[in-house]
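Heads up: the structure comes next, in structure tokens.
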Amino acid sequence: ILLTGYDNFRLRERIKFYRRAFRKKYPDGEVEDFNSDNTLNQIENAVFTPNLFQQKRLIFCESFWDVDKFELAQKLNFFEKLTETADLCTIITIEPHLDKRKKLTKFLTKNSKVETFTPLEGVILDQWISQQIQKYNGKISINNAKNLVNRCGTNLWNIDKELQKLSMMADDGIITNAMIQEFTIPHPQVIIWDFLANLSHKKLVASIKKFRE
């Protein structure tokens, strides 16, 4: 499985999902993590070394593969051998920023189940906010989801933190625009643009307010 894309929040949430799901289904299974500091020999040992009870294995490779490791893996038929262990071992490769021109990228995208996490925007982002707030037992309208994005920006890490905070403050669980304006931390760029817009329209009071913010 290949996890890639610039939406770091949803990518990290997906990693957590796979960990939880594996632990729930295979309590005695083995989970291992590999990164750029590990060698191909180490991952070979983790994947191909037999275990007594045929326990399932889940292996995460984050920024593990480089040109040298990939070429060595092909030379040693590492990927061909993986098919023999498919029932026992799953490898999840995490490469957020892939260069499509590279041979490694072409190989991974062709031979993996690919999950791509691109940044959310527009209606899709508004819908994601409406669904995310439900995890914290809250509710938000699509219009107020837009208001939240306009005030706090599109970074999902920031939005998620604000949703958690707002859901705790709402007695009935419903997030209002008044709450968004009072309790959330605005994205600096949003405030700057609002300040400039008010200034250009010679709105003195609004300009001073945004300047202070």
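The values are calculated or read from the model by the stated rules, or taken from the named source; none is laboratory data. None of these values were measured; they are calculated from a predicted model. Heads up, the Cβs are rebuilt from the backbone with ideal geometry, glycines too, and the neighbour counts pull from every protein chain shown. Just the protein is used for accessible areas: all its heavy atoms, side chains included, with ligands, DNA and RNA removed. Shrake-Rupley method; radii C 1.70, N 1.55, O 1.52, S 1.80 Å.
Side notes on the structure shown:
- Contact order for region 1-148, expressed relative to its length and based on alpha carbon pairs under 8 Å spaced 6+ residues apart, stands at 35 percent.
- Positive-end residue of Leu166, Ile142, Thr176, charge dipole of region 73-185 with Cβ unit charges: Ile142
- Taking the longest Cα principal axis of the chain as reference, the axis of helix 156-169 is set at about 60 degrees.
- Applying 0.36 nm per residue to the separation of Asn8 and Glu182 and subtracting their alpha-carbon distance, the gain on full extension is 59.9 nm.
- Distance violations [Cα-Cα > 26 Å] among Lys146/Lys210; Lys113/Lys139; Lys24/Lys146; Lys25/Lys100: Lys113/Lys139; Lys24/Lys146; Lys25/Lys100
- Peptides 23-30, 63-70, 161-168 ordered by packing proxy, namely the average of other Cβ atoms within 10 Å per residue, highest first: 161-168, 63-70, 23-30.
- Placing unit charges on the Cβ atoms only, positive for Lys and Arg and negative for Asp and Glu, gives region 11-59 a dipole magnitude near 480 debye about its Cα centre.
- Normalised by the number of residues in region 135-205, the average gap of Cα pairs under 8 Å and 6 or more apart makes the relative contact order 38 percent.
- Cβ-derived FRET efficiency at R0 35 Å, Phe17 paired with Val205, nearest 0.05: 0.15
- Among 142-155, 91-104, 43-56, sorting by the average number of other beta carbon atoms lying within 10 angstrom of each residue, highest first, gives 142-155, 91-104, 43-56.
- Sparsely packed loop sites in region 59-124 (the GluC sites (Glu not before Pro) outside DSSP H, G, I, E and B with at most 13 other Cβ atoms within 10 Å) comprise Glu121.
- Paramagnetic reach from Ala86 in region 94-126 [backbone N under 17 Å; point 7 Å along Cα→Cβ]: 108-114
- Rounded to the nearest 20 debye, the dipole size of region 33-84 about its Cα centre is 260 debye, using +1 on the Cβ of Lys and Arg and -1 on the Cβ of Asp and Glu.
- Surrounding net charge for Met169, when Lys and Arg each add one and Asp and Glu each subtract one, Cβ distance under 12 Å: -3
- For region 61-146, the relative contact order is 24 percent, taking Cα pairs closer than 8 Å that sit 6 or more residues apart in sequence and dividing their mean separation by the residue count.
- Spin-label model, Thr118/Gln164: points 7 Å from Cα along the beta carbon direction are separated by 2.9 nm.
- Considering only Tyr6, Asn51, Val205, the residue lying farthest towards the positive end of the dipole of the chain is Val205, judged by Cα position with unit charges set on Cβ.
- Around the Cα centre of the chain, unit charges on the Cβ atoms of Lys, Arg, Asp and Glu (plus for the first two, minus for the last two) sum to a dipole of about 600 debye.
- Long-range amide H partners of Ile92 with built H, under 5 Å: Ile59, Phe60, Cys61
- The chain - accessible surface per residue (Å², probe 1.4 Å): 64
- The fraction of all Cα pairs in the chain landing in successive 5 Å bins from 0 to the largest distance is 1, 6, 12, 13, 12, 11, 10, 9, 8, 7, 5, 3, 2, 1, 0, 0, given as whole percents.
- Positive-pole candidate from Phe79, His97, Pro119, dipole of region 48-140, charges at beta carbon: Phe79
- Extension gain from Ile142 to Gln189, taking 0.36 nm per residue of separation minus the Cα-Cα distance: 14.7 nm
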